Protein chains: 2
Amino acid sequence: MKVTLHDGTILEVSEGETLYEVLTRSGIYLTASCGGKGVCGKCRVKVLDGEFDCRGYAKLTKAEIDAGIVLACQTVPRTDLRIEIPQESRLTVGDRIALSRTKDLAGILQDYGASVSPLIRRTTLQLPPPSLDDNLSDLERIKRSLDEEGITLRYPRRFFEDLAQHLRRHQWGVNLCWQPDNRDALFIEPLSSEKRYGLAVDVGTTTVVVYLVDLDTGEVIDTGSTYNSQMRYGDDVITRIINATEGGLLRELRKAVIEDVNDLLEVMLKRHGLDRRKVESVSIAGNTTMSHLFWGLDPEFIRLDPYIPTINLFPVWYAREAGLRTNPDAPVFTLPCVASYVGGDIVAGVLATGIHRRHELSLFMDIGTNGEIVIGNRDWLVTAACSAGPCFEGSGIKCGMRATEGAIEGVRIDPVTLEPELKVIGDTRPMGICGSGMIDAVAEMFLKGVVDQKGRLQDTPNNARVREGEDGLEYLFYGEDNREVVLTQVDLDNLIRAKGAIFAGISLLLKEVGLDLNSIEKVYIAGGFGNYIDVRKAIVLGMLPDLPEERFQFVGNTSVAGAYLCLLSEDMRREAETVASMMTYIELSMKPNYMDEFMSALFLPHTDLGLFPTVRGLLQEMSKNS
Amino acid sequence: MKVTLHDGTILEVSEGETLYEVLTRSGIYLTASCGGKGVCGKCRVKVLDGEFDCRGYAKLTKAEIDAGIVLACQTVPRTDLRIEIPQESRLTVGDRIALSRTKDLAGILQDYGASVSPLIRRTTLQLPPPSLDDNLSDLERIKRSLDEEGITLRYPRRFFEDLAQHLRRHQWGVNLCWQPDNRDALFIEPLSSEKRYGLAVDVGTTTVVVYLVDLDTGEVIDTGSTYNSQMRYGDDVITRIINATEGGLLRELRKAVIEDVNDLLEVMLKRHGLDRRKVESVSIAGNTTMSHLFWGLDPEFIRLDPYIPTINLFPVWYAREAGLRTNPDAPVFTLPCVASYVGGDIVAGVLATGIHRRHELSLFMDIGTNGEIVIGNRDWLVTAACSAGPCFEGSGIKCGMRATEGAIEGVRIDPVTLEPELKVIGDTRPMGICGSGMIDAVAEMFLKGVVDQKGRLQDTPNNARVREGEDGLEYLFYGEDNREVVLTQVDLDNLIRAKGAIFAGISLLLKEVGLDLNSIEKVYIAGGFGNYIDVRKAIVLGMLPDLPEERFQFVGNTSVAGAYLCLLSEDMRREAETVASMMTYIELSMKPNYMDEFMSALFLPHTDLGLFPTVRGLLQEMSKNS
């Protein structure tokens, strides 16, 4: 059997496979927050032709079902099918990294005064050729020469695979390449000055980003990103841990993300005509679960009280052990993690922003699925994870989507007509709403009285946009040609819980160290998402602290930036370890006053308006106007 | 197609396969000094029934061909065949090691005052279980505990495979097992006192010998031996090197010997009901080529001037890398080699005999294919290889065979009738002549005037045993029922060259250090072969120096004995390295006076009878009698 897509692509179907499985197997990823369990109702496809069995229609309307819409994860073809995948069901990586932005990275290295010293060292050997009088074995001959330079190494068996032939082919003049942390001899090579490359990798829960770096100049010569294929095993780390452990899929999860990196690498190698052997070191940053899954380590106890990872400070291992298709001997550095829910990506963020080097008090936030925060300066660092949930990434929100074409990214509500004015990515017909659009929308709705302080929709007669929907009240942003984009009361409750978790995390962490919000001199907002939000709106929402706008700085993907720094410099690798050991992890949910803080933050912007003076001003102004 | 053996065994035949290939593939090894090239004429089998193609009949007589005898390596079945394999064509391991003899080994360890310290150390960890307040990762928790004992280790990825589960299953009380040379963490195990075992292996060119050792008591609980399956790629190291390099068969040669060890291990595991995981360390001794092939290292430059091995001092690697089916994490110690033709088996021999610890001047000889010798005491050691060739092992001798049933092992010639009296292993009908038989025979023939000082057969009318054969003159030991055992002039020339090479090696080595034969206080003769020779006869031959009989000592398989010592003791492993570095290798063939020494030794016993006073006495007595 086969499935033909609207664009003509033909996919083979195995007996009993769902459409969702057929598509993901073929590298076509659908939105599916529930990981294909028929719950979230997002993996919608339209069947144009053919017969199928359908296990369920969760969240589909009668009209949709009549129009041939099905949930891909619940649909098993019975005959050949022709289908169409709506744009909003398809996952695409929106944030293509601009190469120009990566120029700053080499600058950080320079500013830090860090040496350029990648994961492989080269020692030139000019060995006297053996003779009957000087008949040392090849290994002892190498050792004699290295002894003179005070270098002692370990020699794994694979080092000897072509050693004898290579030494003679190159007339006993070679570079010996070795790994300084393990002191492993890796391979020998001719005395040439060919370029060598490395990979800096951000292993994100949602997205995998790879930078191809010239190891001599530090230049980022190419970048690539893709969705983490582990998505098919769940959107969040908890679901993936359960799949890896109870589901016995650890191997598959490991392979999924490794193949993502390999696929990105493959494209780059072709584009630049490079031999994979020249890609000779790798540095990866990911949260603790991602780091464990990358190396195939059992993640079970990350999830279970008292939340203990197998490793925080990873040894340098090798590409062959990871399954990466670089040079198989390429050392792989893993950014150290702090605890089960503050990982190497956050350590990378601190390293790249440099808050651990400065006197001023900084707040670092990564508003992704986990919502990690760090507060501190060069003397101390505290950190916590907020479990904000993935709603700002579009999950758990009825019309939520990522920041790609068709997403509402900005909303203004007319104070008089209460009609919304929408800004849509790609200036096209809206298909859903992304994180920055949600922040904008909720802030506007609050300021214009569409929702109250608790975020409850106000079904006032003057507001035609608020209506009764399937799940209770909802706000209609757009409704034409059978397509509607709404924000429901359930969505609003989710968003307020998420922003509440973040703010409660910040306040509690500050209280732990006896400081208040105003003492924060700088706020760094990391993550692809962070680039697009309107700080003032996020303050109105009560998600960000009410600080002057100039104190906020968007820093982009600091996870890959930190991986880049560690790829190039031994100093940075040691500094990453120092940062990780400096960071005191606070388990928020175990603090007795966490619930109070969280409950207080479930208001817009907060129960204590004194914390949000500018919002109070705005509200006063509004009530004057009305 | 199939081949049915006389005993009913049925073997499958692939298209184009020779009988030799069919048989070796099935684990039935035939004598074939030439490695299956149709030259040596030894792999004779009798075809009872069926059709076949024959490429050649080298060395077969017309009568044999008429009787259905073929060379297995030259015969390709055309139909199903029924065949019979004569006893003399079959390789069997004659020297089943007596367990009682291995009792001495633990005694050596004690005499040496060496500590019992195998290749794995165990450190007991009683870790405090993690909590929210003590939330170190598993690895950091282990490290914290080891730090207190001053132990720093490396952690390979495989160490973590079940770590998290194991730690919790055993309530955080475990033994951590690690390798002291590499400082690799290997695995953890419950706190139990189960027995652990190790393997001491002699990787001989001809025979592989394995001792299964209780690592706590040092007791050898089982032994096994088998022919080295590399035999199918040649009898001697040079042929095997050529097969491994020019023939591209390195992988096959490696696998052949590894499977030999695995097969022996398998039998022992079954016999003692042991789990292979309990066999947790291995120590191997072999000559330099065998050590290289065991680890799959390129042996090419061992054979080519200036004869350089890839490694003499092997790092400790692991069973999984070798392909051994012990515990995959079992460390494997390789006895260090000295040079291309003096390997770990000879270092093991020195270690086991202890000549490097004593004041007296000793001569150590291993009269195998290579004929290695060591001279020295606790202050110095010199060593050389004599390239004696394999004729004492039966190769290159028309009726040569190994010391198994049917081999003539002793000869006395009546001084009057000149009729020989034969001693045959198993008191059966003679099928050939083994090394000790050859030594006896030549010495007797010389003393009784059957050969002259140059080893030339004397075709005197009173001696019916000397006759004209296919290859010139020959001496007939036995000739009944169509079976003849002879020693030809060509054989005699070979034997004299071999003994000449050994004696020339000894004299030259002594001259190198300015000493004479009489200064040798002790002669150790190692090797399975060495156990059976008659010292007085070997002196008459001029193979051994003319010293009082009590100075000679047969020491058996010192290669496996040395491997045993290193398996059990760190002190012994370090001492083996010291011995290897003490041993000065002399390349005999490069010494200007080597040819003179060799030529002088091509007489019986020697051109300089002054070196052999007792032989001179015997000769004088004889001439008086005649």
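Tabulated values for the structure
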| read-out | value |
| --- | --- |
| Fully extended contour minus Cα-Cα distance, from A:E148 to A:K2, at 0.36 nm per residue | 45.9 nm |
| Whole-Å distance, taken between Cα centres, linking the range A:247-309 and the range A:558-626 | 28 Å |
| Size of electric dipole in the protein assembly as shown: Cβ of Lys, Arg +1 and of Asp, Glu -1, about Cα centre, debye, nearest 20 | 20 debye |
| Loop GluC sites (Glu not before Pro), the range B:359-400 (other Cβ atoms within 10 Å of the site Cβ: 15 or fewer; DSSP) | B:E360 |
| DSSP beta bridge pairing in the range A:197-344, given as percent antiparallel to the nearest 5 | 65 percent |
| Antiparallel DSSP beta bridges within chain B, as percent of all bridges there, nearest 5 | 70 percent |
| Debye, to nearest 20: dipole size of the range B:2-89, +1 on Lys, Arg Cβ, -1 on Asp, Glu Cβ | 360 debye |
| Nearby aspartates and glutamates by direct alpha-carbon distance to A:K537 (threshold 14 angstrom, same-chain neighbours under 8 apart not counted) | A:E409, A:D440, A:E444, A:D546, A:E549 |
| Percent of Cα pairs exceeding the 23 Å cut-off, where the set is the range B:394-489 | 16 percent |
| Spacing of the two label points (7 Å from each Cα toward its C-beta) at A:T607 and B:R271, in nm | 7.9 nm |
| Pairwise FRET efficiency - B:W380 versus B:T417, Cβ, R0 = 60 Å, nearest 0.05 | 0.70 |
| Euclidean distance of C-alpha centroids, the range B:193-228 and the range B:64-82, integer Å | 39 Å |
| Förster radius 35 Å - calculated FRET efficiency between A:T217 and A:M599 (Cβ-Cβ, nearest 0.05) | 0.10 |
| GluC sites (Glu not before Pro) restricted to DSSP loop in the range B:193-275 with at most 13 other C-beta within 10 Å | B:E194, B:E246 |
| Relative contact order, percent, the range A:121-190 [alpha-carbon distance under 8 Å, six or more residues apart] | 41 percent |
| Given B:K103/B:K195; A:K499/A:K522; A:K143/B:K103; A:K255/B:K195, the pairs whose alpha carbons are separated by over 28 Å | A:K143/B:K103; A:K255/B:K195 |
| The range A:442-492 - Rg and Dmax from Cα coordinates, angstrom | 10.6, 34 |
| Pairwise label distance in nanometres, A:Q87 with B:Q453, each label 7 Å out on the Cα-Cβ vector | 10.9 nm |
| Residue mean of other protein chain beta carbons inside 10 Å, A:154-160 | 6 |
| Förster radius 60 Å - calculated FRET efficiency between A:R183 and B:Q553 (Cβ-Cβ, nearest 0.05) | 0.85 |
| Under 19 Å between alpha carbons - lysine pairs in the range A:1-93 that sit 8 or more apart or on different chains | 7 |
| Label spacing, shortest first and in nm, from A:R25 to its equivalents in the remaining copies (7 angstrom along Cα→Cβ) | 3.7 |
| For the protein assembly as shown, calculated [θ]222 nm from helices alone, where every DSSP H run of n ≥ 4 adds -39500 (n - 2.57) | -8500 deg cm²/dmol |
| Loop-located GluC sites (Glu not before Pro) in the range A:38-91 whose Cβ has at most 12 other Cβ within 10 Å (DSSP) | A:E51 |
| Ascending count of other beta-carbon atoms within 10 Å, so fewest first, for B:S89, A:S559, B:S14 | B:S14, B:S89, A:S559 |
| Size-normalised alpha-carbon gyration radius of the protein assembly as shown, reference 2.2 N^0.38 Å | 1.22 |
| Residue order, fewest to most surrounding Cβ atoms within 10 angstrom, among B:I496, A:I151 | A:I151, B:I496 |
| The range B:276-382: C-alpha gyration tensor shape, a/c 1.5 cut-off, then a/b vs b/c | oblate |
| Computed over chain B: relative contact order in percent, which uses C-alpha pairs under 8 Å that are six or more apart | 12 percent |
| Fraction of antiparallel bridges per DSSP, the protein assembly as shown only, in percent to nearest 5 | 70 percent |
| Relative contact order of the range B:337-413, defined on C-alpha pairs under 8 angstrom at six or more residues apart (%) | 20 percent |
| Cα-based shape type of chain B, given that a ≥ b ≥ c are square roots of the gyration tensor eigenvalues and the cut on a/c is 1.5 | oblate |
| Per-residue mean of C-beta atoms belonging to partner chains within 10 Å, peptide A:127-139 | 5 |
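Each reported figure results from applying straightforward, stated rules to the coordinates on display, with no laboratory input. Everything quoted here is computed from the prediction, not taken from an experiment. Neighbour counts run over all protein chains shown; Cβ positions are idealised from the backbone, glycine included.
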